[in-house]
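Some notes on the structure that comes next.
No value in this document is a laboratory result; all are computed from the given coordinates. Bear in mind the structure is a predicted one, so any value in this text is a computation, not a measurement. Every residue, glycine as well, gets a Cβ built from its backbone with ideal geometry; the counts of neighbours run over all protein chains shown.
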Amino acid sequence: MKILVTGASGFIGSRLWPALVAAGCDVRLMSRRKEEAAPHEVELVYGDLSKKESLATALKGVDTVFYLVHSLDASKEQFDRVDRELAANFVAAAKDAGVRRVIYLSGLGEARGEQPLSLHLESRKEIGRILQKGDFATTILRAAIIIGAGGASFETLRFIVKTQPVIPVIPELDTKCQPIALENVIDYLVGCVFEEQTAGHSYDIGGPEVMSYRQILEGFAEAIGDVNLFLPVPYYSSKLASMLIGSLSTLKSDVVFALLEGLGNEVICQENSLRELIPLKLIPYRKAVNIAMKESSR
């Protein structure tokens, strides 16, 4: 069974494909860079989701595709449109190639009351709906904050805790979230390949703790031995915070804004039946932070 990993050089993809190889899967990676060298354990092919005609070779003979592409690096006015176009191109090409399954990692969260879903989360949900219209069985895993070195959420948390001795307290910091360790996300994704019952279904995935965003920041600081003062600041907004973080760090302000915009959306697992199909030992939040910090220091 041939498995194609799109977004193979990204935060999730770069950790996923070695785990698939270790599990005995026949793995192919898709790259937009024609000159990129392939790791010896896998096949590397050129493919660009913005160019439908380039996908035929990448998808030839493929049974299952991991769809791990999103254009968060585009401006916030454009990433939702770009994501829709890429997904539509993929669906058409996958139909022509006879792909049987697609596994998609989406974002967790629902609009509640007067709090609309953030543009970032709404875009991720829309991509899932587009994929579900394809001639293949789509498995969707919905995750909240993923704690792992190199991930945008983790790096934003680290920057805030490490550089801001005083952290402004805004009402959104009381919103509940269910962070999950990167290792557990990878285990769930690999497990879906071997658990056929997951084909065509959607699942929420999260770690063992439900926390407020303030508790997440406090726990991060505690895990790495930092001390921060949390101080209520009037008129402080997620947009202002994203501009400040973007100007002081290597993180792009549009990326940070897309993440901080979702602070008002509660992201808690509403159903966790995947734990019955793929039983895992879930990693506690502070341990996940410590693992990520050790990896980032290598």
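Inverting the mean 1/r over all pairs of different Cα atoms, compute the Kirkwood radius of the range 1-68 and quote it in Å.
Taking the inverse mean of 1/r over all distinct Cα pairs, the range 1-68 comes out at 11.8 Å.
If you take every residue apart from residue 203 with its C-beta less than 12 Å away from the C-beta of residue 203, what net charge results, scoring Lys and Arg +1 and Asp and Glu -1?
For residues surrounding residue 203, the net value is -2.
Report the calculated FRET efficiency for residue 50 and residue 210 (r = Cβ-Cβ distance, R0 = 51 Å), to the nearest 0.05.
Calculated value: 0.85.
For residue 49, what is the net charge nearby, where nearby means another residue's Cβ is under 10 Å from its Cβ and Lys, Arg count +1, Asp, Glu -1?
After counting each charged neighbour, the total is 0.
Taking Rh as the Kirkwood radius, which is the inverse of the mean 1/r over Cα pairs, what is the Rg/Rh value for the range 141-234?
Rg/Rh for the range 141-234 comes to 1.07.
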